[in-house]
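Undergrad: Got a structure here, written out as structure tokens. Questions coming.
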Amino acid sequence: MTRPVAVPAMEVAPRARPSNYPPEFALRMAGRVKRALGDVFGLRNFGVNLTELAPGAASALHHTHSRQDEFIYVLEGRLVLVTGDGEETLLQPGDCAGFPAGGPAHHLENRGTEAARYLESGDRTEGDEVSYPADDLIAVNTGAGWRFRRKDGRSY
């Protein structure tokens with residue numbers, strides 16, 4: 001398969017499935033649109049997404065990764081970064097944030113009246129486990145995709 005050398009980011013089709021979360025959690029991602037930019041170029045070791053959050057939308061459930069590092073860079077709009085136990089930081093175009101593996105839980109919220117866009121990147125470390133402190137959910141990257149279970153070990 002021939003891969004492009006460059007593409008207009010906004011011409012990359014949004015993900016067909018808006019969320020990998022189990023259905024009861026996926027509903028909470030309404031208003032989030034991701035364009036998997038790294039996949040267009042066949043990147044295997046890390047992912048890059050152009051993500052848009054409509055007003056009222058969130059980037060993800062409040063979470064932390066065991067092995068994966070994450071980085072975001074705000075392009076448009078204003079976002080609230082919620083970390084740890086509810087600390088909030090306003091992010092505007094040109095602002096960036098990084099989340100080392102094992103760091104505090106985090107997510108973004110668009111509390112404004114206009115859409116916001118940001119770039120997010122993270123590695124694809126097999127065996128990464130994601131913890132969701134506010135939800136009965138754990139995710140494990142098996143290399144073949146994410147597997148979700150409840151905190152007591154039962155599958156979704």
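The values are calculated or read from the model by the stated rules, or taken from the named source; none is laboratory data. From a predicted model like this one, the values you see are computed outputs, not experimental measurements. Here Cβ is always computed from backbone atoms with ideal geometry, including for glycine, and neighbour counts include all displayed protein chains. Accessible surface areas use protein heavy atoms only, side chains included; no ligands, DNA or RNA. Shrake-Rupley method; radii C 1.70, N 1.55, O 1.52, S 1.80 Å.
Undergrad: Here are some conditions: (1) hydrophobic (A, V, I, L, M, F, W, C); (2) touching a residue at least 24 places away in the same chain (Cβ under 8 Å); (3) open to solvent by less than 70 Å² (accessible area, probe 1.4 Å). I138 meets all but one. Which one does it not meet?
TA: (2)
Undergrad: Quickly run through the range 26-68 and pick out the residues that are hydroxyl-bearing (S, T, Y) and either touching a helix residue (DSSP H, G or I) at 6+ places or on another chain (Cβ under 6 Å) or more than 22 Å from P8 (Cα to Cα) (or both). Please lay out each step first, then the result.
TA: Initially, the range 26-68 is screened for residues hydroxyl-bearing (S, T, Y), giving 51, 59, 64, 66.
Across the range 26-68, the qualifying residues are S59, T64, S66.
Undergrad: Please find, within the range 69-86, the residue that is nearest to S121 (Cα to Cα) out of those that are at pLDDT 95 or above and not hydrophobic (A, V, I, L, M, F, W, C).
TA: E70
Undergrad: Take residues that are open to solvent by less than 30 Å² (accessible area, probe 1.4 Å), in contact with a strand residue (DSSP E or B) (Cβ under 8 Å, 6 or more places away or on another chain) and under 16 Å from H107 (Cβ atoms) and tell me which of the strands (runs of 3 or more DSSP E) falling wholly in the range 1-96 contain 3 or more. Before the answer, list the steps.
TA: Details: elements: 32-36, 46-53, 70-76, 79-83, 87-91.
Output list reads 46-53, 79-83.
Undergrad: Could you pull out every one of the strands (runs of 3 or more DSSP E) wholly within the range 114-156 that has 3 or more residues that are among the charged types (D, E, K, R)?
TA: Values: elements: 116-123, 129-131, 138-141, 146-149.
Output list reads 116-123.
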